[in-house]
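Colleague: Here's a structure for you.
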Amino acid sequence: MMIRIFILFNIYYISLTLSSRLKYRESVTENVELYHTITSLDKMISVNYQQSIEFLNINSPYTTYFLVDGQKLRTSRLIDREEFCRIKLCENSQCHPCEIYMDFVLKENGQPRDIISLILTIEDVNEYRPQFSDNSRNDQTIHLNISEGVPVGHILPIPSATDKDGEDDELVYWIDKNKKIPFELVSFGSNQIGINPYRHIYILYTSLCFYFGVALNVTGPLDRELEDFYELQLTASDRENLTTTISVHISISDINDNVPIFDQVNPYIINISENTQPSLTKSLLRIHAFDNDSNDNSRITYNFSSQVSELIRQTFQLNSQTGELFLLQALDYEQYKEYRMPIKAQDSGPVSVPVYTLVIINIEDENDNKPVTNIRTSEYFQFNNNTLYISEETPINTLLMHVIVQDLDSNLNGKVQCWIESSDYLKLNITNALNNMFSIYTSQLFDREQQSTYSFHLIIEDFGLKIRHRVKHDLRLVINDINDNPPIFIQSYYNLTIEEEQDYEQALIRFEANDKDLNESSQITYELMSNEYKYLFYLNEDTGELFLREKLDREIKSHYDLIVRAHDHGKYPSQLHTDVICYIKILDKNEYKPEFEKEMYLFHGISETISINTSIGFVKAIDRDKNLIIYSISSSNFKIDSLTGEIFVNKQLDYDANDSCENLFVTAKNQDGLNSSCPVEICLQPINEYPPELHIESRLIYVNIDNTSFIHMHAFDRDRSPLSFLSFRLEKSSKCNLTCSSNGTIYMDKNEHCIGIIDLFVSIDDNDRYPSSKTTNETIRLVFYSNIISLQQILFSSNYKFTIEIIIITIILILIICIFCLIVYVVYRHRRQISLSKSTQLNNIKDQIGFTENHGLLNDGPVDVTNIKLKPNTNSDTSSSFNDSCYGSSETDVYHHLSGNKLAGKILISSNDKYIILCKDQNNINHDETNSSSSSSSPNGNNNSNLITRYQSNNRTGIVQAYHTQIKSPNQNLEFFQNNNELKKVTGSTATTTTTTTTFNYRNNTPLNEYYL
């Protein structure tokens, strides 16, 4: 188990680290011996003897050149760098440097742990010299022919050299000239050439498919009559100075003066798709040249250069007459990405001179390869026929498989995406671990009992720009069963009833359980776990049937609780079982009546104050047949629980009103009517609730001292406790030397001659201690008389004294009432004096206060009242004092006279100034005093019923003078007044302009509202 968990953990760990795989570099020289060790695992990481590596992709072309020997990478055949370049195994077809990329799986104990990427560089050994090739001749001389009529600048191509050790574009060319010649070494086509300043060295970069990379440029006119040929030495050198020299023989022909000229100086470059269909009717390109000559000398034929390879000739066809280029065979971008072909154009004249141009055909990649899928799973999972088998205990994030996809297309056409589609609610997680390699993990827990198989589609699609290829794999996921479900009984418990002393030949009951697991995990065996009952019962382990071995006796045991176990035969991870209880009840034959445990039940000491429905005890009867017993009681004061035999109080109990003990019967009856009775005695405990009480005849006792020597007091207690008794005692010593015994007898002393009324204070105790004793204090009156002094005389003397006492008490009450009234009067007078004093102070203040708004009303001269606006004081109240209603304005501005100067818009007060107040009253006011003002009712009957003009002298100076106010207005209808009559009431004149001198006493008038000028 631990090994399995460890392996699953390793797989999970590798899946987490796939995106950050290890990368290393190594190099190897070409042509090393077989089985040469290139690198080993210990050079890359710290390893142990249990780790190893293997190729990630066993279909990789590198597996034919290299082999993995445990922890070492060795060569399996001779490595030729030039062969790698020829078959294009170099990364991205870049052969310099020659690098290949290999991926390995790091395993530990046979399980994948990590991914290692190795970049291997094939180092070149410079073993070949540059070689010139000329198929026209077998000697070591390059023969060239050129017409004498060629212009200066004419290009004469020379076959370039090739180097098997490296790239041809790294070759260095130069020519040795013994004499001056009209030629110089130049590059041909798109190639470049560099010149060393110290000698003629030209660096040329050539193509793999085009061998005319170097040429001779004509620098001067040619004349065959002067020089019919030129001889020069051409040397080619590689990067490590291995050189090859060849003779170049240039023949000058004296033929046509004009050579064909191509339409364009630059090479012909076209791009075609690899899906282009071969056709002999639709050309790819038309090459055209013209010749200024006439007739045959201007008729041009087109042909491939002699250096064009056979592969190009088999792939393309050139029409010699029209120059049209046709495709003969299908193209494949994955094999060849570019074609370079020199084209020769030559006229038909005598001694014709060919001209050359270069045609470059770039092959465009098309998405013509479908993704190829390789599915690899862990050795712990079985994968057959597109079906993956896993255990239902597989945890979340478990690596199920690697999906390795190969697409021979390039760029986006060769990049793929992968996803999963499922209609069975399968949750899998897919990650892109490497380029075109995906890892699939579980994202859920599995339960075979809920779902045993899942179908899903693994879909792989490339990112083609024009067309996308999609590959769909129909896969199944089968969940293998483990023993994770215990057997389950169809019932949570079993009830069984059988009769005693009965033989049972058939099975009493059959237990049945089910297991959701498969195979052995679902096979169930039954077992009786109650070992103490195996001698009475037998359980068939295969069928689950329960049998009775012997007869049962209910009087020995009335029921049996059997434990039955069902266990399966599963082994992994463990065997499971479930227990169930079977309750077996033994039926009895009703032979016995219920029997009480006691012959009589006694319940003593029950408090008489106990509450209703309070329990006082139990009675219990036993039925040996184990039948149900029903209880009943023969009293209305009590009730009994019919099932438990518990007795409760049914009515309020009273020891004093009822008997102290009640005898009753309780009956126990079983279901068949058999019964028995038992006597029950319930006795109450008395509670001392009431104090002793004196009889009314003992409160007033008439005693004739001549005929009686003792007196007996009578008292009673409403409690009937047998433990209580009354005892008497005198609280205070009495006159006449009276003594009292505890039984309530008062004894008189014969030597004392008691006549009159005596009050005795007597204490009566009931002496009951449950819960405590109670005492009553009473006063009894004894009236003593004799044969000489009669009872009537004693009573009359007593009534006279009572009358005197009543009179004295009455006199005392009258005195108390008089004193209280006097105090109230004094307080009232004091408060009145205080109120009058405050009123006087307010009147003095009023004599010294004036009111105005921003108007110069009170002046010595005439005043125009048409511009005076009267307004009510909204802060006044009809119930306010005179001071509040007439003098409470915050708008009053009072100024003293300042050196005869008066401020505009303000009232100026001098020692002779008067104050005018206009008030609105509800009643007509007549002033009888010496200085008064006249007022009358308004004719309109409106709110301004009484308008009173009051003049107040300036008491600050103590001088009383009449104040002259002159009102002048062309309009008698002022804002405040309602009509002319109201104006006259104020001015005292019917004239428009009048002078009025009035004084009056206003202290008896209370204004209801005020208006300020």
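The values are calculated or read from the model by the stated rules, or taken from the named source; none is laboratory data. All of these numbers come straight from a predicted model, not from anything done at the bench. All Cβ positions, glycine included, derive from the backbone under ideal geometry; neighbour counts span all protein chains shown. These accessible areas exclude ligands, DNA and RNA; they are computed on the full protein's heavy atoms, side chains included. Shrake-Rupley method; radii C 1.70, N 1.55, O 1.52, S 1.80 Å.
Colleague: Can you name every residue in region 341-374 that is part of a strand (DSSP E or B) and open to solvent by 40 Å² or more (accessible area, probe 1.4 Å)?
Modeller: K344, Q346, Y356, N362, E364, V372, N374 - these are the residues of region 341-374 that are part of a strand (DSSP E or B) and open to solvent by 40 Å² or more (accessible area, probe 1.4 Å).
Colleague: Now for a different question. In region 563-580, what residues are in a strand (DSSP E or B) and open to solvent by 50 Å² or more (accessible area, probe 1.4 Å)?
Modeller: Passing the criteria: I563, R565, H577, D579.
Colleague: Please pick out the residue among K557, K585 that is closer than 30 Å to V619 by Cβ, in a strand (DSSP E or B) and among the basic types (K, R). Show your work before the answer.
Modeller: Details: K557 fails: in a strand (DSSP E or B).
None of the other options fit; the residue is K585.
Colleague: Given the structure, is G645 on the phi > 0 side of the Ramachandran plot, without any contact (Cβ under 8 Å) to a residue 60 or more places away in the chain and surrounded by 15 or more Cβ atoms within 10 Å (Cβ to Cβ)?
Modeller: Yes, satisfied.
Colleague: Next question. Can you tell me which residue is farthest from the chain's Cα centre (by Cα) among those in region 409-430 that are surrounded by fewer than 16 Cβ atoms within 10 Å (Cβ to Cβ) and farther than 22 Å from V478 by Cα?
Modeller: The selected residue is N411.
Colleague: Could you list, in sequence order, all residues of region 709-736 that are of a type in the set (S, T, N, Q) and surrounded by 13 or more Cβ atoms within 10 Å (Cβ to Cβ)? Walk me through it before giving the result.
Modeller: Step one: of region 709-736, the residues of a type in the set (S, T, N, Q) are 709, 721, 724, 727, 733-734.
Hits for region 709-736 are S721, S724, S727, S734.
Colleague: S635 versus (1) open to solvent by 40 Å² or more (accessible area, probe 1.4 Å); (2) part of a loop (DSSP other than H, G, I, E, B): which is the lone unmet condition?
Modeller: (1)
Colleague: With the requirement that a residue be of a type in the set (S, T, Y) and assigned to a helix (DSSP H, G or I), what does region 522-548 give you?
Modeller: If we filter region 522-548 for residues that are of a type in the set (S, T, Y), which is where we start, we get 522, 525-526, 530, 533, 535, 538, 543.
Result: S522, Y533.
Colleague: Among the residues of region 776-794, is any basic (K, R), in contact (Cβ under 8 Å) with a residue 60 or more places away in the chain and open to solvent by less than 70 Å² (accessible area, probe 1.4 Å)? Give the derivation first.
Modeller: Initial filter on region 776-794 (basic (K, R)): 781.
Still in the running and in contact (Cβ under 8 Å) with a residue 60 or more places away in the chain: 781.
With the extra rule that they be open to solvent by less than 70 Å² (accessible area, probe 1.4 Å), the set shrinks to none.
No, there is no match, as no residue in region 776-794 is basic (K, R), in contact (Cβ under 8 Å) with a residue 60 or more places away in the chain and open to solvent by less than 70 Å² (accessible area, probe 1.4 Å).
Colleague: If a residue counts only when it is open to solvent by 30 Å² or more (accessible area, probe 1.4 Å) and farther than 25 Å from Y173 by Cβ, which strands (runs of 3 or more DSSP E) contained entirely in region 229-330 have at least 1 such residues?
Modeller: Values: elements: 229-237, 243-253, 268-273, 300-304, 316-318, 324-327.
Because the criterion is at least 1 residues that are open to solvent by 30 Å² or more (accessible area, probe 1.4 Å) and farther than 25 Å from Y173 by Cβ, the strands (runs of 3 or more DSSP E) in region 229-330 that meet it are 268-273, 300-304, 316-318, 324-327.
Colleague: Moving to a separate point now. Which residues, counting only those in region 486-513, are within 14 Å of V564 (Cα to Cα) and part of a strand (DSSP E or B)?
Modeller: Matches in region 486-513: I488, F489, Y494, N495, L496, I509, R510, A513.
Colleague: Scan (1) under 22 Å from K669 (Cα atoms); (2) in the same structural domain as I509 (by the TED database) for the single condition Y601 breaks and write down its number.
Modeller: Here Y601 clears every test but (2).
Colleague: So, one more: Looking at Q307, Q277 in this structure, which one is touching a strand residue (DSSP E or B) at 6+ places or on another chain (Cβ under 7 Å) and in contact (Cβ under 8 Å) with a residue 24 or more places away in the chain?
Modeller: Answer to the selection: Q307.
Table: residues versus (1) acidic (D, E); (2) touching a helix residue (DSSP H, G or I) at 6+ places or on another chain (Cβ under 6 Å); (3) at pLDDT below 90.
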| residue | (1), (2), (3) |
| --- | --- |
| D623 | yes, no, yes |
| L628 | no, no, yes |
| S635 | no, no, yes |
| F638 | no, no, no |
| E646 | yes, no, no |
| V649 | no, no, no |
| D654 | yes, no, yes |
| D659 | yes, no, yes |
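Colleague: Based on this model, can you work out whether Y389 counts as farther than 22 Å from R470 by Cα and at pLDDT below 90?
Modeller: Values: farther than 22 Å from R470 by Cα: yes; at pLDDT below 90: no.
No.
Colleague: Output the number of the condition that E599 fails; it satisfies all remaining conditions of (1) surrounded by 15 or more Cβ atoms within 10 Å (Cβ to Cβ); (2) out of contact with any Asp or Glu (no Cβ under 9 Å at 6 or more places or on another chain).
Modeller: Answer for E599: the failing condition is (1).
Colleague: Please go through region 746-771 and give me each residue that is open to solvent by less than 60 Å² (accessible area, probe 1.4 Å) and either among the basic types (K, R) or over 16 Å from I705 (Cβ atoms) (or both), ordered by number. Working first, answer last.
Modeller: Going residue by residue through region 746-771, those that are open to solvent by less than 60 Å² (accessible area, probe 1.4 Å) are 746, 748-749, 754-758, 760, 762-768.
Of everything in region 746-771, those that are open to solvent by less than 60 Å² (accessible area, probe 1.4 Å) and either among the basic types (K, R) or over 16 Å from I705 (Cβ atoms) (or both) turn out to be V762, S763, I764, D765, D766, N767, D768.
Colleague: Then there is this: Can you confirm whether N519 is open to solvent by 80 Å² or more (accessible area, probe 1.4 Å), more than 30 Å from N432 (Cα to Cα) and touching a residue at least 60 places away in the same chain (Cβ under 8 Å)?
Modeller: no
Colleague: Quick check on S615: is it in contact with a Ser or Thr (Cβ under 9 Å, 6 or more places away or on another chain), closer than 29 Å to G673 by Cα and in the same structural domain as S677 (by the TED database)?
Modeller: Considered against the rule, which asks whether it is in contact with a Ser or Thr (Cβ under 9 Å, 6 or more places away or on another chain), closer than 29 Å to G673 by Cα and in the same structural domain as S677 (by the TED database), S615 comes out as no.
Colleague: Next question. Any residue that is modelled with pLDDT of 85 or more, among the hydrophobic types (A, V, I, L, M, F, W, C), in a strand (DSSP E or B) and not assigned by the TED database to the domain that holds D332 - is there at least one of those in region 184-204?
Modeller: Yes; the residues of region 184-204 include at least one that is modelled with pLDDT of 85 or more, among the hydrophobic types (A, V, I, L, M, F, W, C), in a strand (DSSP E or B) and not assigned by the TED database to the domain that holds D332.
Colleague: Please state which of the following conditions G605 fails to meet, knowing it meets all the rest: (1) surrounded by fewer than 16 Cβ atoms within 10 Å (Cβ to Cβ); (2) at pLDDT 90 or above.
Modeller: (2)
Colleague: Which condition number does T29 fail, the rest of (1) within 19 Å of E108 (Cα to Cα); (2) of a type in the set (S, T, N, Q); (3) surrounded by fewer than 16 Cβ atoms within 10 Å (Cβ to Cβ); (4) at pLDDT 80 or above being met?
Modeller: Looking at each condition in turn, T29 falls short on (1).
Colleague: Do we have any residue at all in region 616-625 that's crowded, with 18+ Cβ neighbours inside 10 Å, in contact (Cβ under 8 Å) with a residue 12 or more places away in the chain and not in a loop (DSSP other than H, G, I, E, B)?
Modeller: Yes; the residues of region 616-625 include at least one that is crowded, with 18+ Cβ neighbours inside 10 Å, in contact (Cβ under 8 Å) with a residue 12 or more places away in the chain and not in a loop (DSSP other than H, G, I, E, B).
Colleague: Name the one entry in Y583, Y560 that is open to solvent by 70 Å² or more (accessible area, probe 1.4 Å), of a type outside the set (D, E, K, R), under 16 Å from I498 (Cα atoms) and under 56 Å from the mean Cα position of the chain (by Cα).
Modeller: Only one candidate qualifies: Y583.
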